[in-house]
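**Student:** To start, I am sharing the structure in question, which I have written as structure tokens.
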Amino acid sequence: WITIDAARHAEAATLPKSIEIRGWVRTRRDSKGGFSFIEVNDGTCLGNLQVVAPAELSNYADEIQKLTAGCSVVATGELKESPAKGQATELHADAVRVIGWCDGETYPLQKKRHSFEKLREWAHLRPRTNTLGAVMRVRNRISQSIHRFYDEEGFYYLHTPIITASDCEGAGEMFRVTTVDLDKLAAGDKPLDPSRDFFGKPTHLTVSGQLEGETYASALSRVYTFGPTFRAENSNTSRHLAEFWMVEPEAAFFDLNDNMALAERFLKRVFTDCLNECSEDMAFFDSMIEKGKIAQIQAVIDKPFEHMTYTDAVEKLTTCDEKFEYPVQWGTDLQAEHEKYLTGLVGGPLILTDYPSSIKPFYMRVSDDGKTVAAMDVLVPGVGEIIGGSQREERLDVLSSRMQEAGLDEKEYWWYVDLRRYGTVPHAGFGLGLERAVQYVTGMTNIRDVIPFPRTPGSAEF
Ligand code: 4AD
Ligand code: MG
């Protein structure tokens, strides 16, 4: 048995005499000359393998001529060079076994093209389409590449908790964790009553593994977390999910410059792996989803990232001719429209630094001016912010007053404060939203189409 990827890309000289492939039928066409041409796909590559089934096969009339899109088959035969355009090889079948029939009356993925919106209704079947298949292979490539990169850079893969009592971002909207007994609930049990807290205190699903990551960076020097992250923000946009995956490196003895350099090396490495190892899928995105994507990403790999301070960005935004929906002034958070304008201005990725402390979380290091923090966001054209990070506040007294300002109880975060008490070091890190990275690489416009099972307000089918 070999994959269709292997069968499609086999060298003529090395073609094995007899092979077996397994997959799902995309189309079937019968020729007058007594053959059926069956396009089979198994998800290992974008293209299908053409299976040529001769009328002599014993199940030709009964089964092969009844194959429709979605049926699963196992075919054996000889792999030959194909005379047809667009494929190097084809399989001359000596047997085609039908494993599972597919009701053509009800199967939604017929030849007609469906909108991505429509496909979201069939989250269980949409990976069988060209686009979603390609997205998921690229998503896999990026995920594996993330691990490769950090392993090579000497970062330890750290598993931070999903259920936590700490609130890293202080953004407010979180998913509370509680236990429910449905019978007791019906009898009036109050699961949110503090006496019912399973862990003895209120807990929620993590919004970021950073704070826990900092504790391990203060021991193992370099760590990264990579896992699901949850935010109950009620924003129905094309770049927000309630459940998304985030990779968060954290490094001791790093300052903001080290952090920015790491982020740039990291993104370039991931992009390079996508171009090299998903070339067929990338060519598909380049022609079907966003024209010029490959050249755009190659240019990003070849050039140093642009840098700009928040203060300079606000200056540019307030003096340009563009009309924005949300007005900007020093101290306001930047909106998607502003990020779009700025990345358009530099024509590529942009690292924005030195944001006002008033709009950033308590853990970011306060700069000498007393007004800004050592923060960095990486913005890319089309998507906006894909990375958010900073150098962390390592000074005990400054951290204390920042926590007070933010209304945080130092006693609740005693373990975090301890790190500044026992051998504190400058350190820094950032978070990359995996889905936003996939969006950028593929050119997919809606974040719901780059995660297998999107969770957004009002939507979780299964
Ligand atoms: O900028 P954020 O909120 O930063 C943090 O959580 C830091 N604690 C990270 C760190 O320094 N270790 O989120 C980081 C990134 C964003 O740039 C974005 O790419 C992604 O996470 N992100 C989301 N992606 C999808 N849906 C959402 N609701 C997201 N919120 C953030
Ligand atoms: Mg952010």
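The values are calculated or read from the model by the stated rules, or taken from the named source; none is laboratory data. Keep in mind the model is a prediction, meaning the values are calculated, not measured. FYI the Cβ positions are ideal-geometry reconstructions off the backbone, even for glycines, and counts take in every protein chain you see.
**Student:** Of everything in segment 360-386, what is out of contact with any strand residue (DSSP E or B) (no Cβ under 8 Å at 6 or more places or on another chain) and either outside the structural domain of Cys168 (by TED's automatic domain parsing) or within 15 Å of Ala313 (Cα to Cα) (or both)? Give them in sequence order.
**Tutor:** Within segment 360-386, Gly384 is the sole residue that qualifies.
**Student:** I'm trying to understand the selection: among the residues of segment 287-309, which are of a type in the set (Ser, Thr, Tyr) and touching a Ser or Thr at 6+ places or on another chain (Cβ under 7 Å)?
**Tutor:** First pass over segment 287-309, keeping only residues of a type in the set (Ser, Thr, Tyr): 287, 309.
The answer is Thr309, and nothing else.
**Student:** Still on this structure, please answer the following. Could you check segment 184-293 for helices (runs of 4 or more DSSP H) lying wholly inside it with 1 or more residues that are within 11 Å of ligand 1 (Cβ to nearest atom)? Spell out the reasoning first.
**Tutor:** Numbers: elements: 210-220, 256-277, 279-288.
In segment 184-293, the matching helices (runs of 4 or more DSSP H) lie at 210-220, 256-277.
**Student:** Further question on the same structure: When only residues in segment 437-447 that are surrounded by fewer than 23 Cβ atoms within 10 Å (Cβ to Cβ) and not hydroxyl-bearing (Ser, Thr, Tyr) count, which is farthest from ligand 1 (Cβ to nearest atom)?
**Tutor:** Quick first cut of segment 437-447, residues surrounded by fewer than 23 Cβ atoms within 10 Å (Cβ to Cβ) only: 443, 445-447.
Retained after the next criterion (residues that are not hydroxyl-bearing (Ser, Thr, Tyr)): 443, 446-447.
Working: Gly443: 17, Asn446: 12, Ile447: 6 Å.
Here the answer is Gly443.
**Student:** Determine whether segment 141-157 contains at least one residue that is outside any loop (DSSP other than H, G, I, E, B), surrounded by 15 or more Cβ atoms within 10 Å (Cβ to Cβ) and touching a Cys at 6+ places or on another chain (Cβ under 7 Å).
**Tutor:** Yes, the conditions are met somewhere in segment 141-157.
**Student:** For segment 11-36, give me each residue that is modelled with pLDDT of 90 or more and of a type in the set (D, E, K, R).
**Tutor:** Glu20, Arg22, Arg26, Arg28, Arg29, Asp30, listed by residue number.
**Student:** Return yes or no: is Glu385 within 14 Å of ligand 2 (Cβ to nearest atom) and either of a type in the set (D, E, K, R) or part of a helix (DSSP H, G or I) (or both)? Give the steps one after another, and end with the answer.
**Tutor:** Details: within 14 Å of ligand 2 (Cβ to nearest atom): yes; either of a type in the set (D, E, K, R) or part of a helix (DSSP H, G or I) (or both): yes.
Judged against the criteria, Glu385 is a match.
**Student:** Okay, moving on. Take residues that are in contact with a Leu (Cβ under 7 Å, 6 or more places away or on another chain) and tell me which of the helices (runs of 4 or more DSSP H) falling wholly in segment 395-456 contain 1 or more. Let's see the steps before the verdict.
**Tutor:** Numbers: elements: 396-405, 414-421, 434-442.
The qualifying helices (runs of 4 or more DSSP H) are 414-421, 434-442.
**Student:** In addition: Would you confirm whether any residue within segment 310-320 is within 16 Å of ligand 1 (Cβ to nearest atom) and either over 29 Å from Glu233 (Cα atoms) or of a type in the set (D, E, K, R) (or both)?
**Tutor:** Looking for residues that are within 16 Å of ligand 1 (Cβ to nearest atom) and either over 29 Å from Glu233 (Cα atoms) or of a type in the set (D, E, K, R) (or both), one finds none in segment 310-320, hence no.
**Student:** Follow-up. Given the options Leu396, Leu379, name the one that is more than 15 Å from ligand 1 (Cβ to nearest atom) and of a type in the set (A, V, I, L, M, F, W, C).
**Tutor:** Values: Leu379 fails: more than 15 Å from ligand 1 (Cβ to nearest atom).
Unique residue meeting the criteria: Leu396.
**Student:** Kindly provide the set of residues from segment 358-376 that are among the charged types (D, E, K, R) and within 16 Å of ligand 1 (Cβ to nearest atom), ordered by number. Steps first, answer last, please.
**Tutor:** Within segment 358-376, the first condition is being among the charged types (D, E, K, R), and the residues that meet it are 360, 365, 368-369, 371.
Within segment 358-376, Lys360, Arg365 qualify.
**Student:** Follow-up. Does Val270 qualify as being within 17 Å of the chain's Cα centre (by Cα), modelled with pLDDT of 95 or more, of a type in the set (Val, Ile, Thr) and within 16 Å of ligand 2 (Cβ to nearest atom)?
**Tutor:** Working: within 17 Å of the chain's Cα centre (by Cα): yes; modelled with pLDDT of 95 or more: yes; of a type in the set (Val, Ile, Thr): yes; within 16 Å of ligand 2 (Cβ to nearest atom): no.
Criteria not met by Val270.
**Student:** Hey, another quick one. Could you check Leu399 against (1) buried (at least 20 other Cβ atoms within 10 Å of the Cβ); (2) over 16 Å from Glu169 (Cα atoms) and say which number it fails?
**Tutor:** Condition not satisfied by Leu399: (2).
This table checks each residue for (1) without any contact (Cβ under 8 Å) to a residue 60 or more places away in the chain; (2) touching a strand residue (DSSP E or B) at 6+ places or on another chain (Cβ under 9 Å); (3) among the hydroxyl-bearing types (Ser, Thr, Tyr).
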{"residue": "Thr3", "(1), (2), (3)": "yes, yes, yes"}
{"residue": "Ala7", "(1), (2), (3)": "no, yes, no"}
{"residue": "Ala55", "(1), (2), (3)": "yes, yes, no"}
{"residue": "Cys71", "(1), (2), (3)": "yes, yes, no"}
{"residue": "Thr89", "(1), (2), (3)": "no, yes, yes"}
{"residue": "Arg97", "(1), (2), (3)": "yes, yes, no"}
{"residue": "Lys112", "(1), (2), (3)": "yes, no, no"}
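For every residue, the table says whether it meets (1) in contact with a helix residue (DSSP H, G or I) (Cβ under 8 Å, 6 or more places away or on another chain); (2) assigned by TED's automatic domain parsing to the domain that holds Met136; (3) among the basic types (Lys, Arg); (4) under 23 Å from Gln110 (Cβ atoms).
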residue	(1), (2), (3), (4)
Asp42	yes, no, no, yes
Leu46	yes, no, no, yes
Tyr60	no, no, no, no
Thr68	no, no, no, yes
Val73	no, no, no, yes
Gly77	no, no, no, no
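**Student:** Moving on to the next point. Quick check on my filter: what residues within segment 330-362 are part of a loop (DSSP other than H, G, I, E, B) and over 30 Å from Asp397 (Cα atoms)? Quick ask: steps written out before the conclusion?
**Tutor:** Just the residues of segment 330-362 that are part of a loop (DSSP other than H, G, I, E, B), to begin with: 330-335, 347-349, 354-355, 360-362.
Passing the criteria: Gln335, Gly347, Gly348, Pro349.
Here's the yes/no breakdown for (1) under 28 Å from Ala437 (Cα atoms); (2) acidic (Asp, Glu); (3) touching a residue at least 60 places away in the same chain (Cβ under 8 Å):
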position: Arg141; (1), (2), (3): yes, no, yes
position: Leu158; (1), (2), (3): yes, no, yes
position: Cys168; (1), (2), (3): yes, no, yes
position: Thr179; (1), (2), (3): no, no, no
position: Gly188; (1), (2), (3): no, no, no
position: Arg196; (1), (2), (3): no, no, no
position: His204; (1), (2), (3): yes, no, no
position: Gln210; (1), (2), (3): yes, no, yes
position: Leu220; (1), (2), (3): yes, no, yes
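**Student:** Name the residues in segment 161-183 that are farther than 26 Å from Trp415 by Cα and either modelled with pLDDT under 85 or among the acidic types (Asp, Glu) (or both), would you?
**Tutor:** Answer for segment 161-183, where residues must be farther than 26 Å from Trp415 by Cα and either modelled with pLDDT under 85 or among the acidic types (Asp, Glu) (or both): Asp181, Asp183.
**Student:** Another question about this same structure. Out of contact with any helix residue (DSSP H, G or I) (no Cβ under 8 Å at 6 or more places or on another chain) and within 21 Å of Ser218 (Cβ to Cβ), is that true of Leu399?
**Tutor:** Numbers: out of contact with any helix residue (DSSP H, G or I) (no Cβ under 8 Å at 6 or more places or on another chain): no; within 21 Å of Ser218 (Cβ to Cβ): yes.
Taking the combined requirement at face value, the residue does not satisfy it.
**Student:** Another question, if that's okay. Any idea which of Phe226, Phe285, Phe305 is among the aromatic types (Phe, Trp, Tyr), farther than 17 Å from Ala428 by Cα and surrounded by 20 or more Cβ atoms within 10 Å (Cβ to Cβ)?
**Tutor:** Details: Phe226 fails: farther than 17 Å from Ala428 by Cα; Phe305 fails: surrounded by 20 or more Cβ atoms within 10 Å (Cβ to Cβ).
Every option except Phe285 fails the conditions.
**Student:** Just to check your reading of the model, which residue among Gln391, Gln404 is among the polar types (S, T, N, Q), within 12 Å of ligand 1 (Cβ to nearest atom) and more than 30 Å from Met288 (Cβ to Cβ)?
**Tutor:** Gln391
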